[in-house]
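Below is one structure, written out as structure tokens; the observations come after it.
The values are calculated or read from the model by the stated rules, or taken from the named source; none is laboratory data. Being a predicted model, the structure only gives us computed values, none of them experimental. So basically every Cβ, Gly included, is an ideal-geometry build from the backbone, and we count neighbours across all protein chains shown.
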Amino acid sequence: MTAPTAPAPIGLRPDLAFLLYQFENRNRGAVRTVAVSADGLLLCASGSVDSQPQAETLAAICSGMTSLVVGLAKQLGAGPQADIGIVMDIGSTMIAGPFGNAYLMTLAPPNADMGAINEALLKLGESFLVQLSPAAR
């Protein structure tokens, strides 16, 4: 019998997947977390995402949702922040950003404390902002 192997890292910045792993580990029940660039490219996905095609589909959905919300905010004279919650029978999807060049999306179970998960997602975004920002010269 062989030991299970970790899924191969995917996305443009798979080196940042550890941040998603830590987020899901601290927020039991949060799954399928992805980081997406502002232009819709998959930066990285957590190990709970089933496959690269699923990760890329989630990134496209995240990009579309943030584009709609940022467009609405612009029309209403608000800033370009996205803090989206979508309630479904399997749980709630939350999207937050932008954090530098990244948006984050996760799925939380139906019984999750939405406020706590959203706050944790915002803290995760701060980690991404630090990791995605160029170093000072």
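A few comments on the model shown:
- The lone exception for Ala82 - which of (1) surrounded by fewer than 14 Cβ atoms within 10 Å (Cβ to Cβ); (2) at pLDDT below 90; (3) not polar (S, T, N, Q) it fails: (1)
- Selection status of Gly77, of a type outside the set (A, V, I, L, M), farther than 14 Å from Asn27 by Cβ, part of a loop (DSSP other than H, G, I, E, B) and free of Cβ contacts under 8 Å to residues at least 12 places away in the same chain: yes
- Pick from the stretch 29-44, criterion in contact with a strand residue (DSSP E or B) (Cβ under 7 Å, 6 or more places away or on another chain) and not in a strand (DSSP E or B), ranking: farthest from Ala96 (Cα to Cα): Gly29
- Count of the stretch 50-74 residues which are of a type in the set (A, V, I, L, M, F, W, C) and either touching a Ser or Thr at 6+ places or on another chain (Cβ under 8 Å) or not in a helix (DSSP H, G or I) (or both): 0
- Complete set of residues in the stretch 96-111 that are crowded, with 19+ Cβ neighbours inside 10 Å and more than 17 Å from Cys44 (Cα to Cα): Ala108
- Thr93 meets the conditions (1) surrounded by fewer than 19 Cβ atoms within 10 Å (Cβ to Cβ); (2) modelled with pLDDT of 90 or more; (3) within 21 Å of Val70 (Cβ to Cβ) in every case but one. The failed one is (1).
- Per the listing Gly125, Gly47, the residue uniquely closer than 17 Å to Ala17 by Cα and either touching a Cys at 6+ places or on another chain (Cβ under 8 Å) or not in a helix (DSSP H, G or I) (or both) is Gly47.
- Odd one out for Ala112, checked against (1) touching a helix residue (DSSP H, G or I) at 6+ places or on another chain (Cβ under 9 Å); (2) in contact (Cβ under 8 Å) with a residue 40 or more places away in the chain; (3) farther than 19 Å from Ser127 by Cβ: (1)
- With respect to the conditions (1) crowded, with 19+ Cβ neighbours inside 10 Å; (2) among the charged types (D, E, K, R); (3) on the phi < 0 side of the Ramachandran plot, Lys123 falls short on a single one, namely (1).
- Complete set of residues in the stretch 19-37 that are of a type in the set (A, V, I, L, M), more than 17 Å from Gln131 (Cβ to Cβ) and out of contact with any Phe, Trp or Tyr (no Cβ under 9 Å at 6 or more places or on another chain): Val31
- Residue in the stretch 88-105 that is free of Cβ contacts under 8 Å to residues at least 12 places away in the same chain, touching a strand residue (DSSP E or B) at 6+ places or on another chain (Cβ under 9 Å), of a type outside the set (Gly, Ala, Ser) and part of a strand (DSSP E or B) present: yes
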